[in-house]
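Note sheet for the following structure.
The values are calculated or read from the model by the stated rules, or taken from the named source; none is laboratory data. As the structure is a computational prediction, the values presented were derived from the model and not from experiment. Neighbour counts are summed over all protein chains in view; Cβ atoms, including those assigned to glycine, are modelled from backbone coordinates with ideal geometry. The protein model used for the area step is the full one, side chains on, heavy atoms only, and it has no ligands, DNA or RNA in it. Shrake-Rupley method; radii C 1.70, N 1.55, O 1.52, S 1.80 Å.
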Amino acid sequence: MAQPEFGATSWGRSWLRTIERTGGMPNPQLPKARSLARNQKATLTIAAEGITAAVADGSTTHQVSIQIPRWSADQTTVAAPLLTAANTASVVGDLPDSLADALTKAAVPVAAALDELAATCTCRTRAHPCAHILTALYGLVLLIDERPMTALEIRARDLPRTTAIDENWIELTALRADEFYAVAHG
């Protein structure tokens with residue numbers, strides 16, 4: 001299996017830039033965090049205004065909590081017509097990269113800056129952010145690349161519903177495995 005690429009979409013790259021700031025000294029925690037994320041050592045749960053993660057590092061699992069600030073009321077007002085114009089609900093979970101670019105140009109950041117995040121970890125390292133927090137953020141990048149709508153769900157206060165969900169969309173949980181592959185008997 002090929003290793004996942006971080007930042008495959010504009011949405012993921014916005015969060016990747018948060019993690020991998022180019023100014024100053026490189027963070028020595030980044031290689032370990034990338035490795036843990038690539039090897040799927042982080043189990044993320046997205047909740048209101050943040051994420052929690054269980055990060056397996058060797059024989060120890062560390063609990064990470066990251067509070068992500070929502071857009072301000074002004075940013076939400078600026079974003080609303082852009083989201084409506086992009087027809088955000090046309091494909092469930094998917095968003096065009098051009099919308100991420102338009103939000104950035106309108107001074108509505110897709111990602112929060114690292115110093116805006118309130119992050120904690122159960123490890124004992126003095127480095128902040130530690131490798132486990134960075135692993136959770138890399139895991140978030142992978143989730144956002146897979147489903148860009150996640151980026152809006154963790155930042156936007158209210159998402160405008162612009163169109164109905166695709167009528168051909170079927171929730172995976174609505175399918176019954178024993179009926180999906182019907183076998184003709186006869």
- Message: If you count only protein heavy atoms with a 1.4 Å probe, what accessible area per residue comes out for the stretch 73-150, rounded to a whole Å²?
- Response: 47 Å²
- Query: Full extension from residue 178 to residue 147: what is 0.36 nm times the residue separation minus their Cα-Cα distance, to one decimal in nm?
  - Reply: 8.3 nm
- Sorting 121, 130 on solvent-accessible surface, 1.4 Å probe, most exposed first, gives 121, 130
- In nm, to one decimal, how far is the modelled label at residue 32 from the one at residue 61, with both set 7 Å along Cα→Cβ? 2.0 nm
- Inter-probe distance in nm under a simple model that places probes 7 Å from Cα toward Cβ, at residue 127 and residue 5: 2.7 nm
- Item | Gain on full stretching of the segment that runs from residue 118 to residue 21 - 0.36 nm per residue minus C-alpha separation | 33.2 nm
- Relative intensity, log₁₀ I(q)/I(0), of the stretch 32-154 from a Debye sum that treats every alpha carbon as a point, q = 0.11, 0.18 Å⁻¹: -0.41, -0.95
- Item | Computed E for residue 52/residue 94 - FRET, C-beta separation, R0 30 angstrom, nearest 0.05 | 0.75
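If you place +1 on the Cβ of every Lys and Arg and -1 on the Cβ of every Asp and Glu, how big does the dipole about the Cα centre of the stretch 32-154 come out, in debye to the nearest 20? Don't jump to the answer; show the numbers that get you there.
On the way: 9 positive and 11 negative charges, 113 e Å.
With only Lys, Arg, Asp and Glu charged at Cβ, the dipole is about 540 debye.
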